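The values are calculated or read from the model by the stated rules, or taken from the named source; none is laboratory data. Please read these numbers as outputs of a predicted model, since none were measured by experiment. Backbone-built Cβ (ideal geometry, glycine too); neighbour counts: all protein chains shown.
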Amino acid sequence: MGAETLLEIKNLESFYGPIMAIRGVSLSVAKGQIVTVLGANGAGKSTLLKTISGIMDPEKGQIIFEGHEIQGLEPHVIVKRGIVHIPEGREVFPLLTVDQNLSLGAYTRSDKVEIERDRQLVFDYFPILAERRGQEAGTLSGGQQQMLAIGRGLMLRPKIMLLDEPSLGLSPLLVQEIFAILARLNKDQGVTMMLVEQNAGVALDLADMGYVMEIGRIVMDGTAERLSQSDDIKAFYLGHQEQGQRGERRWKRKKTWR
């Protein structure tokens with residue numbers, strides 16, 4: 001029996017002005033899964049996440065979350081439904097401290113005791129943030145800002161996290177560290193994730209399912225294992241990663257979802 005579908009997208013189309021950025025995209029994410037969307041710059045990956053989270057309105061198609069259509073809803077309403085978007089480039093509040101950024105992540109909540117419990121959970125997964133909790137976010141390193149952006153998203157207790165290029169601009173060592181934490185969050189906390197990435201190697205190592213986008217369309221899909229063995233994926237997206245980042249598998253989580 002398959003896992004319960006949490007998010008389903010049907011025949012989605014979105015435009016940037018007169019330009020169609022997403023062309024009839026359909027995909028699904030099951031509860032507890034990590035699904036990755038691969039593709040080059042300009043493929044429409046970030047537009048897809050922005051459309052799901054309500055930053056952009058689709059021209060047509062359906063976005064179904066927990067059995068209800070959400071396309072066209074305001075972003076703050078979608079956040080309250082349990083969809084958290086971690087944007088490309090981190091976008092932390094640079095003049096606020098780590099603690100203040102985390103508090104803003106819980107802005108929809110009023111359960112103070114549970115908020116503090118979740119803050120401690122973030123610090124358990126990202127100990128460096130506990131050490132820097134009184135430091136302005138703008139003075140953190142790029143990797144630490146990425147950790148803070150993920151931690152801020154966790155403060156909302158998401159049902160699904162939409163992660164846009166979390167490896168962008170980070171060293172291979174930091175990428176491995178952050179992806180290891182994402183794997184733990186999925187395994188230990190059951191956080192469902194939709195991950196947009198250009199770094200196909202680490203994304204496929206982490207994910208259960210994958211979709212490949214080109215010029216706004218889905219051109220390939222399947223299990224992450226099958227995609228990682230595809231000659232097309234190896235040729236266009238992996239390349240030298242075969243003997244580099246894909247060789248590092250110590251953090252790869254055990255697939256436990258059903």
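Scanning segment 154-163 finds one or more residues that are surrounded by fewer than 22 Cβ atoms within 10 Å (Cβ to Cβ), among the basic types (Lys, Arg), part of a loop (DSSP other than H, G, I, E, B) and on the phi < 0 side of the Ramachandran plot. Taking the numbered list (1) under 21 Å from Leu185 (Cβ atoms); (2) crowded, with 21+ Cβ neighbours inside 10 Å; (3) among the hydrophobic types (A, V, I, L, M, F, W, C); (4) modelled with pLDDT under 95 in turn, Ala43 passes all entries but (1).
Which one of these is at pLDDT below 95, of a type in the set (Val, Ile, Thr) and within 20 Å of Ile63 (Cα to Cα): Val219, Val202, Val175? Steps first, answer last, please.
Numbers: Val202 fails: within 20 Å of Ile63 (Cα to Cα); Val175 fails: within 20 Å of Ile63 (Cα to Cα).
Checking each option against the conditions leaves just Val219.
Taken together, the residues in segment 218-232 that are of a type outside the set (Ser, Thr, Tyr), closer than 15 Å to Ala207 by Cα and not in a strand (DSSP E or B) amount to 5. Screening Phe15 on (1) touching a Pro at 6+ places or on another chain (Cβ under 9 Å); (2) in contact (Cβ under 8 Å) with a residue 60 or more places away in the chain shows it passes everything except condition (2).
Taken over segment 172-217, the criterion of being outside any helix (DSSP H, G or I) and among the β-branched types (Val, Ile, Thr) is satisfied by Val191, Thr192, Val196, Val212, Ile215. Against the list (1) exposed (fewer than 14 other Cβ atoms within 10 Å of the Cβ); (2) assigned to a strand (DSSP E or B), the condition Ala21 fails is (1).
The single condition among (1) surrounded by fewer than 21 Cβ atoms within 10 Å (Cβ to Cβ); (2) among the charged types (D, E, K, R); (3) modelled with pLDDT under 95 that Glu66 does not meet is (3).
Could you check, for segment 106-116, whether at least one of its residues is hydrophobic (A, V, I, L, M, F, W, C) and buried (at least 22 other Cβ atoms within 10 Å of the Cβ)?
No, because not a single residue in segment 106-116 is hydrophobic (A, V, I, L, M, F, W, C) and buried (at least 22 other Cβ atoms within 10 Å of the Cβ).
Counting only helices (runs of 4 or more DSSP H) that sit completely within segment 45-143, those holding 3 or more residues that are free of Cβ contacts under 8 Å to residues at least 24 places away in the same chain and over 30 Å from Ile218 (Cα atoms) correspond to 112-125, 127-131.
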